[in-house]
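The values are calculated or read from the model by the stated rules, or taken from the named source; none is laboratory data. Source: prediction; values computed, not measured. As a convention, Cβ positions derive from the backbone with ideal geometry for all residues, glycine included, and neighbour counts pool all protein chains shown. With ligands, DNA and RNA removed, areas are computed over all heavy atoms of the protein, side chains included. Shrake-Rupley method; radii C 1.70, N 1.55, O 1.52, S 1.80 Å.
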There are 2 protein chains.
Amino acid sequence: MSTEAEPRLVEQWRAIQSAYLKTSNALDRELSARHGIGLNEFETLDLLAEHTSEKCRMKDLTADSPMTQSALSKIVDRLEKGGYVRRAACAEDRRSLFVELTDAGAKLHEEAAVTHRELLAANLQS
Amino acid sequence: MSTEAEPRLVEQWRAIQSAYLKTSNALDRELSARHGIGLNEFETLDLLAEHTSEKCRMKDLTADSPMTQSALSKIVDRLEKGGYVRRAACAEDRRSLFVELTDAGAKLHEEAAVTHRELLAANLQS
DNA sequence: GGACAGTACATGACACATCATTGGATGACA
DNA sequence: TGTCATCCAATGATGTGTCATGTACTGTCC
């Protein structure tokens with residue numbers, strides 16, 4: 001709240017902003033070039049890969065992702081069209097849908113994860 | 001490069017991502033609600049306000065902003081339509097355009113800057 | 001001074017995110 | 001059981017960003 005704190009906040013914000021934009025642009029560019037998916041697609045695959053033990057509903061994705069429900073629906077559309085993901089009916093609650101990685105999706109995720117980590121290493125100071 | 005460094009990188013990345021998205025969403029939302037401009041519009045006004053001593057060409061904006069030249073052209077369109085900014089011919093180089101804050105633009109910037117700092121304080125840990 | 005590469009900005013086509021809404025399923029309660 | 005509020009997911013309209021390109025001007029080099 002003090003007036004003197006403000007310049008530091010603005011600096012801190014610019015640092016975050018710059019780090020985020022630089023890194024996410026690099027990630028998006030390289031993931032697209034090497035694997036044909038954008039950053040948001042990759043992160044969705046990543047969520048699915050973490051959820052491997054339990055079935056993952058659309059609403060679980062929505063809960064764990066910063067993206068909108070609407071956006072996730074369209075991302076899953078694209079992933080499904082690419083054959084990386086499959087929507088499966090949910091017997092217990094017919095409003096819900098399970099989303100599962102296909103084998104191709106698991107493979108893609110594994111490969112793209114290498115690129116992902118590589119770029120984080122290159123763009124973030126450790 | 002070491003394998004052990006990777007989890008830390010991923011954590012660091014998620015922290016940046018989360019801080020950025022949370023803060024930029026809050027900024028965008030509040031700036032829109034209270035002042036009718038988005039975050040990128042505000043940051044463009046901010047650049048113009050800093051450049052106050054010298055005239056600012058479109059290309060200076062492009063150099064100082066993470067945005068694309070194309071995006072800036074459209075942002076300036078919107079700001080101009082709102083009466084916050086004015087494009088002025090540049091006699092020395094007729095390809096160039098000066099971009100100047102109008103009085104309304106300076107006033108808007110001043111007001112919005114308060115909101116901006118307030119939200120930074122609320123969203124960033126200091 | 002004429003040709004031409006390079007620069008400054010605008011614009012059109014396109015990608016993708018959000019918001020608002022819809023359709024269908026569920027659960028609670030009279 | 002019928003009604004109704006709520007929930008899950010998809011979809012259409014819209015806004016805004018990028019890329020590729022167009023238009024106009026500049027400066028250089030012959």
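Quick check for you: with a 1.4 Å probe and neighbouring chains kept, what is the accessible area per residue of chain A, in Å²?
Result: 59 Å² per residue.
If you count, for every residue in A:46-57, the Cβ atoms of partner chains within 10 Å of its Cβ, what is the mean?
Average neighbour count from other chains, rounded to a whole number: 0.
Could you tell me the extents of segment B:5-123's C-alpha atoms along the three principal axes, largest first, rounded to whole Å?
Extents along the principal axes, in whole Å: 55, 33, 23.
Run the numbers on segment B:4-31: which residues show a drop of 30 Å² or more in accessible area, chain on its own versus all protein chains together, using a 1.4 Å probe over heavy atoms?
Buried on complex formation: B:6, B:9, B:10, B:12, B:13, B:14, B:16, B:17, B:20, B:21.
Please compute the Kirkwood hydrodynamic radius of the protein assembly as shown from all pairs of different C-alpha atoms, in Å with one decimal. Don't skip to the end; give the middle numbers.
Values: mean 1/r = 0.0481 Å⁻¹.
Value: 20.8 Å, from the Cα pair sum.
Would you pull out the residues with amide H under 5 Å of residue A:97's amide H, same chain only if 5 or more places away, H placed 1.01 Å from N?
A:58, A:59
May I ask for the accessible area buried between chains A and B, both sides summed, probe 1.4 Å, to the nearest 100 Å²?
2300
Name the residue, out of A:112, A:19, A:49, whose mean-square fluctuation peaks in a Gaussian network model built on chain A with Cα pairs under 10 Å.
Highest fluctuation among the options: A:19.
Separation of segment A:100-126 and segment A:32-86 by C-alpha centroid, Å?
Here the answer is 14 Å between Cα centres.
List the residues of segment B:107-126 that lose 40 Å² or more of accessible area once all protein chains are present, compared with their chain alone (1.4 Å probe, heavy atoms only, no ligands or nucleic acids).
Residues passing the criterion (a loss of at least 40 Å², heavy atoms only) are B:117, B:120, B:124.
Over chain B, with a Gaussian network built from C-alpha contacts below 10 Å, which listed residue (B:30, B:43, B:54) shows the highest mean-square fluctuation?
B:54
In this model, which of A:22/B:22; A:74/B:22; A:22/A:81; B:22/B:55 are farther than 25 Å apart at the alpha-carbon?
Violating the 25 Å limit, Cα to Cα: A:22/A:81; B:22/B:55.
Rank B:75, B:16, B:37 by mean-square fluctuation in a GNM of chain B with C-alpha springs under 10 angstrom and give only the top-ranked residue.
In this elastic network of chain B, the residue with the biggest mean-square fluctuation among B:75, B:16, B:37 is B:16.
For chain B, find the longest principal axis of its Cα atoms and tell me its angle to the long axis of helix B:39-50, 0 to 90°, nearest 10.
60
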